[in-house]
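Structure, as structure tokens:
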Amino acid sequence: GTRGNKKKERESITVKGIRISSPDKDMYDGDQITKEEVARYYHLVSERMIPYVSERVLSIMRCPDGIGECFYQKHLDQIGKGLEKIEITEKDGDREDYVYIGSEEGVLSAVQMGTLEFHIWGSTVDKLEFPDMIVFDLDPAEGMKVDKVREGVRDMKKILDELSLTSFLKTSGGKGYHVVVPVNRTADWDRVRDFAKLCAQAMEERWPEKYTSNMRKEKRKGKIFIDWVRNGRSATSVAPYSLRARKGAPVSVPIFWEELDEITPNQIKLRDIEERLEKEDPWKDFFKVHQGIRGQMDE
Ligand code: ATP
Ligand code: MN
Ligand code: MN
């Protein structure tokens, strides 16, 4: 008989012209979020996501058998449709091939390889050495209450407001929030990283009991680490609308500042996104903001 037997799994499907093998595979550890659902998710969000993820050097988190076993990958031997290679000279002078997304198909080609998370550089390949965004990643100490993390986000915004810098907010899909500042492509990586560090230090100096700019774990006790290190050349942070490879399929999702008190860092999940896409885009002005960091916070 067939009772109790699993329905026969399909070999492959096609999404946006890209072949997705093993579409019925459960990617999320018993949550029955399949590879097909992941592919359809990325197809659904692509219009919102593509401006932030395409033309940017990638580090992908692949989980070919689901979230139980994942790995980051920056260099790929084989790439699929919509993925492009770029040769980059590293600090030590070595030249290495990296990968970026050239079109929406690239997102799905990555999904076909088991990718769940997309991590990006803060610059685009046409002007690699000049970032167009700065990411402040607020990393709360173990067990910190979310209201304290929200206070950190507001304090971060205060510092940026005082510098007349417009900033945008997203959940990380994990434990914290990310405050992202679009910038003109006039300052190079070193300047941007130094500036991000100065901002983190300003937080620490003004509220030393609440924030640290020191990445060492033992300095973080009870505090939020203002992770400015995301802003160095070759560092990455998770892309807007990327899924996370964590239980329940949370998303790193752009939110309005007014939503900060209503939305926790890992609240919005894959299956919540369709509803959010019907509403206004919280980051619709992101690339309309023109602002520079030159002359800001100089010693
Ligand atoms: P959370 O809110 O839980 O902190 P997060 O995405 O901010 O979520 P972090 O640990 O603060 O997570 O940030 C780590 C970031 O560093 C990742 O998002 C990723 O972009 C980058 N990263 C960490 N390890 C690697 C790695 N081995 N290869 C590439 N990128 C990495
Ligand atoms: Mn973080
Ligand atoms: Mn971090």
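The values are calculated or read from the model by the stated rules, or taken from the named source; none is laboratory data. Keep in mind it's a predicted model, so treat the numbers as computed, not measured. Note that each Cβ is placed from the backbone with ideal geometry, even for glycine, and that neighbours are counted across all protein chains shown.
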Unique match (being part of a loop (DSSP other than H, G, I, E, B), surrounded by fewer than 20 Cβ atoms within 10 Å (Cβ to Cβ) and among the acidic types (Asp, Glu)) among Glu218, Glu209: Glu209
Flag if Tyr42 is under 18 Å from Asp272 (Cα atoms), in a loop (DSSP other than H, G, I, E, B), at pLDDT 95 or above and not assigned by TED's automatic domain parsing to the domain that holds Arg246: no
Count of the range 41-93 residues which are basic (Lys, Arg) and farther than 25 Å from Thr14 by Cβ: 3
The range 115-132, subset crowded, with 24+ Cβ neighbours inside 10 Å and more than 16 Å from ligand 3 (Cβ to nearest atom), residue nearest to Arg246 (Cα to Cα): Leu116
Residues that are closer than 20 Å to Ser213 by Cα and away from ligand 1 (no atom under 15 Å from the Cβ), drawn from the range 166-199: Ser167, Val181, Trp189, Asp190, Arg191, Val192, Asp194, Phe195, Lys197, Leu198, Cys199
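Suppose the filter is under 15 Å from the mean Cα position of the chain (by Cα) and within 13 Å of Val125 (Cβ to Cβ); does Ser59 pass it? Break it down into steps so the answer makes sense when it comes.
Working: under 15 Å from the mean Cα position of the chain (by Cα): yes; within 13 Å of Val125 (Cβ to Cβ): no.
For Ser59, the condition - under 15 Å from the mean Cα position of the chain (by Cα) and within 13 Å of Val125 (Cβ to Cβ) - is not met.
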Filtered residue count, the range 241-282, keeping only those that are surrounded by 22 or more Cβ atoms within 10 Å (Cβ to Cβ), under 17 Å from Ile50 (Cβ atoms) and away from ligand 3 (no atom under 16 Å from the Cβ): 5
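What residue, among those in the range 70-81 that are farther than 16 Å from Ile120 by Cα and at pLDDT 95 or above, is surrounded by the most Cβ atoms within 10 Å (Cβ to Cβ)?
Step one: list which residues in the range 70-81 are farther than 16 Å from Ile120 by Cα, which gives 70, 77-81.
Imposing the further condition that a residue be at pLDDT 95 or above reduces the set to 70, 80-81.
Numbers: Cys70: 19, Gly80: 16, Lys81: 15.
Selected residue: Cys70.
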